[in-house]
Amino acid sequence: MAISAVQGLLSWNASRQALEEALDKRLLDVARVAGDLAFGADEVLLGLRPGHEEGEEIWVEYRALLLRLVDSTRVDRNRKSYVDRADIFRWEPGDPATVLVSAEPLPLGQKLHWVEPYISTAVPEAHERGWATTELFAGRDGRWYKYGIVRLSSGKAFLAVLMPADHLEPLHTLGWTVVALSVGAGLLAALIGWRLAGGIASRLEVMSRGALRIQRGAMDRPFDLEGEDEVGRLARAMERMRTGIQRRDEQLRLMLSRVAHEIRNPLGGLELFASAAQDTEDAGERRRILERVRKEVRGLNAIINEFLGFARPGQTEPQLHDVREPLGEAAALAEAELGKKGGELHVDLPSRPLLAMADPLHVKRLVLNLLRNAAHAGDRVWLGGALVNGEVRLAVKDNGPGIPHELRDRIFEPFVGDKAQGAGLGLAIVKEMAEANHGRVELASGGRGTGETGDGAEFHVYLSGPEDLPDDGGRRLAGPESATP
């Protein structure tokens, strides 16, 4: 509104100045033409004596000229004209202005009263440079007028013409139009702003109530706000947040129930073993029972560690490093476990450094989880690494039965998969650590899922690698169907 009002005011002021300049030009043009017609006559008029002017031919002639000047510019029957008055008057510095000849019925030598306000402004200016215009003033009829004054040849006589400032009427109309448009624009802007603000406020209120519901734990109602504006995008983001929190809560509830189940079974066995150890008198039997107790405690501790690893993955500290080192450490641990069951681990890593931007400890943990899962599935496991399309790809493959078709879309969810060898959190932890390092994990090949030995499953982990190194060509790991690398 302020900009619109200022723009309207500037436009009105520019129009007023332009029209007033046009009026001044027209006023002076008329005065100069009349002054040219009276050229040289002022010397004669200055020599006339008051009281005898009507008998002088030159005076009568120039009064008729001034009357024709006023009459010839009349534009309607109400005697509105471009020139409403014309006077030739005498003035010298320090003296009052007196009439020489006028279109009005004024005698020679009479004091010209309308000149008095301009004795110190417009008249001296006309005396100095030959012409001048007065300021606008209001007449008795309510119209606005302006005088134009031209110095004649003698330098003591001046011709003055009075013209109405008719341009002020449309300018006045323009001013009220600008005011009306500004007020109308302001009201329209206020109405639109009120409607928009009301709509936004109501939608934000819906989102605020939804956020309070989430705070209270009631996350069953979705954010159903539509629209492509900022509020709509915010609502969709909050809806994704709600579903994410809801999914996480479901996982936590499932984990708690799974924790209780996984811990209850070993505790029941521990109670039986402790009771048996208490009842037996045989030292050898007691040692055998206590060894089984220690085994159950180690298994229970492994389950707890697995749950803690999923619930608290730890803070990620990515750094550019050669992943062959953490891969080697993970391979050494997995190879020892495979050796106990008569399995084999085949490692295929490039000879030059394999640089990735990730946390070395996380790389070791996620690869170790994949290797242990593979060792549980089969007796031959392959580990490889390569730089592919600017990313470091880590691959783990086994010769086990593969992943059943019905589980392939959910294999990375918690508690999905074979629970016989743990709590079913291994692949979920791998996915969480890969994403924490701005990477991803994929099931590259799940086998036929028929249960036949040799189908196997292959997982790929992608980590951010340097962009200025050539690729290794993306070699696939050798599996049971190909030569051992």
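The values are calculated or read from the model by the stated rules, or taken from the named source; none is laboratory data. As the structure is a computational prediction, the values presented were derived from the model and not from experiment. We place every Cβ from the backbone using ideal geometry, glycine too, and count neighbours over all the protein chains shown. Side chains are part of the model used for accessible areas, which takes the heavy atoms of the whole protein and leaves out ligands, DNA and RNA. Shrake-Rupley method; radii C 1.70, N 1.55, O 1.52, S 1.80 Å.
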| task | Heavy atoms only, probe 1.4 Å: what % of the accessible area of region 316-370 goes to carbon and sulfur, would you let me know? | result | 51 percent
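So, by mean Cβ neighbours within 10 angstrom, what's the order for 14-24, 187-197 with the highest one leading? Provide the component values of the computation, followed by the final result.
On the way: 14-24: 14.3, 187-197: 10.5.
Answer by packing, highest mean first, reads 14-24, 187-197.
Can you classify region 91-153 as rounded, prolate or oblate using the Cα gyration tensor, where a ≥ b ≥ c are the square roots of its eigenvalues, rounded means a/c under 1.5, and otherwise it's prolate if a/b beats b/c and oblate if not?
Numbers: a/c = 1.75, a/b = 1.12, b/c = 1.56.
Note, shape of region 91-153 comes out oblate.
Using only the heavy atoms of the protein chains and a 1.4 Å probe, how would Tyr147, Tyr82 rank by accessible area, largest first? Walk me through the intermediate numbers first.
On the way: Tyr147 10, Tyr82 105 Å².
Order by accessible area, largest first: Tyr82, Tyr147.
Hey, can you find the accessible area per residue of region 126-231 for me, probe 1.4 Å, expressed in square angstrom?
On the way: 6380 Å² over 106 residues.
Accessible area per residue, region 126-231: 60 Å².
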| Using θ = phi - 60° and the Karplus form 6.51 cos²θ - 1.76 cosθ + 1.60, what ³J(HN,Hα) does each residue of region 391-404 get, whole Hz, x for Gly and Pro? | 10, 8, 10, 9, 10, 10, 9, 10, 10, x, x, x, 9, x
| said: If DNA, RNA and ligands are ignored and the probe is 1.4 Å, what is the ranking of Arg440, Arg213, Arg253 by accessible area, most exposed first? | reply: Arg253, Arg440, Arg213
| said: For the pair Thr173/Ile200, report the inter-label distance in nm, with labels modelled 7 Å from Cα in the Cβ direction. | reply: 4.1 nm
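Shape of region 148-215 from its Cα gyration tensor (a ≥ b ≥ c, root eigenvalues): rounded if a/c is under 1.5, otherwise prolate when a/b > b/c, or oblate?
Numbers: a/c = 16.68, a/b = 5.48, b/c = 3.04.
Prolate shape, in that a/c is at least 1.5 and a/b is the bigger ratio.
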| task | Would you please give the residues with an amide H less than 5 Å from that of Trp131, counting only those at least 5 places away or on a separate chain, with H modeled from the backbone geometry? | result | Arg151
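Ignoring ligands, DNA and RNA, what percent of the accessible area of region 79-127 is carbon or sulfur (1.4 Å)? Write out the running numbers ahead of the final one.
Working: 1170 of 2220 Å².
Answer for region 79-127 is 53 percent, counting heavy atoms of protein chains only.
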| message | Can you give me the solvent accessible area of His172 with a 1.4 Å probe, rounded to the nearest 10 Å²? | response | 110 Å²
| remark: Under the Karplus relation with 6.51, -1.76 and 1.60 and θ = phi - 60°, whole-Hz ³J(HN,Hα) for region 141-149, x at Gly and Pro, equal 8, x, 8, 9, 9, 7, 9, x, 10
| task | Could you pull out every residue, at least 5 positions away or on a different chain, whose amide H is within less than 5 Å of the one on Ala444? Hs are placed 1.01 Å off N in the peptide plane, and Pro or chain starts have none. | result | Glu458, Phe459, His460
| said: What distance in nm separates the two pseudo spin-label positions at Ala283 and Asn389, each 7 Å out from Cα along the beta-carbon direction? | reply: 6.7 nm
| note | Here region 202-217 yields Karplus 3J(HN,Hα) values (6.51, -1.76, 1.60; θ = phi - 60°; whole Hz; Gly and Pro given as x) of 5, 5, 5, 5, 4, 5, 5, 5, x, 5, 5, 5, 4, 4, 7, x
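Under a 1.4 angstrom probe, counting protein chains only, how are Leu443, Leu181 ranked by accessible area, largest first?
Of Leu443, Leu181, the descending order of accessible area is Leu181, Leu443.
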